[in-house]
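Notes follow once the structure below has been shown.
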Amino acid sequence: MSPLLSISGLRISFVQYTRGLRRRETVAVAGMDLAADRGQVVALVGASGAGKTLLAHAVLGMLPPNASESGVITYDGAVLTSEDRRRRAGHEIALLPQSVDFLDPLATIGRQVRRSAQLAGRPESYAVAALADRGLGSEVLRRYPHELSGGMIRRVLVTMATMGDPQLILADEPTPGLPQADVTAVLRDFRALADDGRAVVLITHELRGALEVADSVVICRDGRTIETAAPADFTGDGPDLPPYSRALWQALPGNGFRVEQPC
Amino acid sequence: MTSALGSIGSRLIRLVLLLAAVAAASFALMAASPVDPVDAYVGGDIAAIGPEQRAQIAERWGLNDPPLERFGTWLANIARGDLGYSHTFNQPVADVIAGKFLTSLALMAVAWSLSGLIGFTLGVVAGVRRGRWADRVITWWAYTLSSAPTFWVGLLLLYAFSVSLQWTPICCAVPVGSIAGEVGLLDRLHHLLLPALTLSLVGIAPVTLHTRQAVAVAMASDYIAFARAQGERTFGLVLHHVLRNAAGPAVLLQFSSLGELFGGSVLAEQVFSYPGLGAATTAAALGQDVPLLLAIALFTTVFVYVGNQLGDLVHAWLDPRTHRAEVTA
């Protein structure tokens, strides 16, 4: 049985025209492999600019028109063309962001949630009920995103992301600067989504947070996935870890802050 | 409710202060100008009038009084609603402005709506298709338009549509030789078409370019990325998110451009011999019709001020974040 989502050899580049008609190609993702199955949280860990978000955009078929992509993305055993991906976006595959920036600042929560339901092929009443399930009453419907607390915003985003009962969730990292208690709550949400039988790909640059919930950790760097490690191996000095993961682990503040060599 | 009344009150106070400043400044300009009101009044009969008569007129008009006293008299008259008498049009100034403004209002309203609609639409198309050929063509066209002066565009259109093609009349608001009261709506619109088009062409470019920028910012935002991830296609993105988010700058710009619209109408009405307030301004200036000029200055102040305030209100309605924080909690 093949995993629900399998990505192999993903490469994304952008064609830009500099002065005149000179073409320049920028490679943003140089080779990424990743597999996630139902019930799993797979963490994709890497520094900002390593191409993590582009991978999510590729799976959702929302790369900009000047991007070109190669490699294979399969979902439930079938290769996805970019039209397949657009059709599944919002239904079987969902993006789950964490910040208020992902809500339209000029539309009420009610409008956005109802539109989300419409896109997922649900009646509007379903949207209201789904919000209520997450503890948000109907008074929230008339409010604008800037009138809600961070916790309420995240509940609205989870409601919208799960509106079409997606089987695969691409979770964007918990907002940097979130209090520890909130981070834990967000991570627990991800775990719960996976335990319901979904596959969750957690995109983050926070190794420590990822270790709390992930079933496997994929480390990426400069547009490549370079290592896959089991969370249990991130312990002590990390003797069973692959080299870059071990260096990353040892460089964390709690583990000695060691930087052995510039790698 | 009280806060709404208070805000209307403070807006009115600001308007009164603004009017006082404009009145003082334009009166000072007039007093310092080389125009001799008596010469202007006498006009062609200058040879038939002796120095004694001139002195009598000057005395009767109070021209020998100190400027401050004259300003005071003028202000007091205006406060009583007496704007003076226009010798260019042989009518009380209030009647001239009321009549001409209605004619201009049709022209400016059509031009304003056209430039707003066309400019916003083009801006949205260019912003959504940024970097593609549609965007390049629209941007090029907007830059060309914004560097073309009104009177020149007017002359070109006049030549193309009135002289060569003869689709539109060559001048005026009504057919030559007919009485204004007997002209049908269709005829009026026919005469309005070309001046309005000229005037709107000038207003299109800024709205287009600002809207394009606002749309491009919206399209690159996180909330558009999330909407896309939810399965929204380009048309839905524009309809449900981009239009509202990009409308703010366009609305503010469009309402604050009323001053330029009026300035443009002075030129456009001149080119098309369209008898509106713009043409009246030119006539008043050339005929040294001081009461009419001053009254037009005050009137346009009110016009532009009201426009800007309306822009504020519409923008606040579009963007709830600009409300004072009374809705929260």
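Summed over the range B:150-166, residues that are within 22 Å of B:SER104 (Cα to Cα) and either touching an Asp or Glu at 6+ places or on another chain (Cβ under 9 Å) or at pLDDT 80 or above (or both) total 9. Checking each residue in the range B:206-258 for being within 29 Å of the chain's Cα centre (by Cα) and among the polar types (S, T, N, Q) picks out B:THR208, B:THR211, B:GLN213, B:ASN245, B:GLN254, B:SER256, B:SER257.
Among the residues of the range A:67-101, which ones are facing chain B (nearest Cβ under 8 Å) and either among the hydrophobic types (A, V, I, L, M, F, W, C) or on the phi > 0 side of the Ramachandran plot (or both)? Once the filter is applied, which keeps residues that are facing chain B (nearest Cβ under 8 Å) and either among the hydrophobic types (A, V, I, L, M, F, W, C) or on the phi > 0 side of the Ramachandran plot (or both), the range A:67-101 yields A:ALA89, A:GLY90, A:ALA94, A:LEU95. Among residues of the range A:183-242 being within 17 Å of the chain's Cα centre (by Cα), part of a loop (DSSP other than H, G, I, E, B) and at negative phi, the one that is surrounded by the most Cβ atoms within 10 Å (Cβ to Cβ) is A:ALA214. The sole residue among B:GLY264, B:GLY236, B:GLY248 that is more than 14 Å from chain A (Cβ to nearest Cβ), in a helix (DSSP H, G or I) and either surrounded by fewer than 24 Cβ atoms within 10 Å (Cβ to Cβ) or not acidic (Asp, Glu) (or both) is B:GLY264. If I filter the range A:147-157 for residues that are in a helix (DSSP H, G or I), farther than 28 Å from A:ALA36 by Cα and either touching a strand residue (DSSP E or B) at 6+ places or on another chain (Cβ under 8 Å) or within 14 Å of another protein chain (Cβ to nearest Cβ) (or both), do I get at least one hit? So far as the range A:147-157 goes, yes, one or more of its residues are in a helix (DSSP H, G or I), farther than 28 Å from A:ALA36 by Cα and either touching a strand residue (DSSP E or B) at 6+ places or on another chain (Cβ under 8 Å) or within 14 Å of another protein chain (Cβ to nearest Cβ) (or both). Out of B:VAL163, B:VAL110, B:VAL124, B:VAL137, one residue alone is surrounded by 20 or more Cβ atoms within 10 Å (Cβ to Cβ) and assigned to a helix (DSSP H, G or I). It is B:VAL124. When B:SER265, B:SER273 are checked against the criterion of being over 15 Å from the mean Cα position of the chain (by Cα) and more than 17 Å from B:GLY81 (Cα to Cα), a single residue qualifies: B:SER273. Highlighted here are the strands (runs of 3 or more DSSP E) found entirely within the range A:5-70 that include at least 1 residues which are at pLDDT 90 or above and in contact with a Cys (Cβ under 8 Å, 6 or more places away or on another chain): A:23-36, A:41-45. Screening the candidates B:ALA40, B:ALA25, B:ALA58, B:ALA20 for the property of being in contact with a helix residue (DSSP H, G or I) (Cβ under 9 Å, 6 or more places away or on another chain), touching a residue at least 24 places away in the same chain (Cβ under 8 Å) and in a helix (DSSP H, G or I) yields one hit, B:ALA40. Do you know which residues across the range A:97-119 are under 20 Å from A:ASP172 (Cα atoms) and among the small types (Gly, Ala, Ser)? Answer for the range A:97-119, where residues must be under 20 Å from A:ASP172 (Cα atoms) and among the small types (Gly, Ala, Ser): A:SER99, A:SER116.
The values are calculated or read from the model by the stated rules, or taken from the named source; none is laboratory data. Here the structure is a predicted model, which means the values were calculated and not measured. Virtual Cβ from ideal backbone geometry, glycine too; neighbours counted across all protein chains shown.
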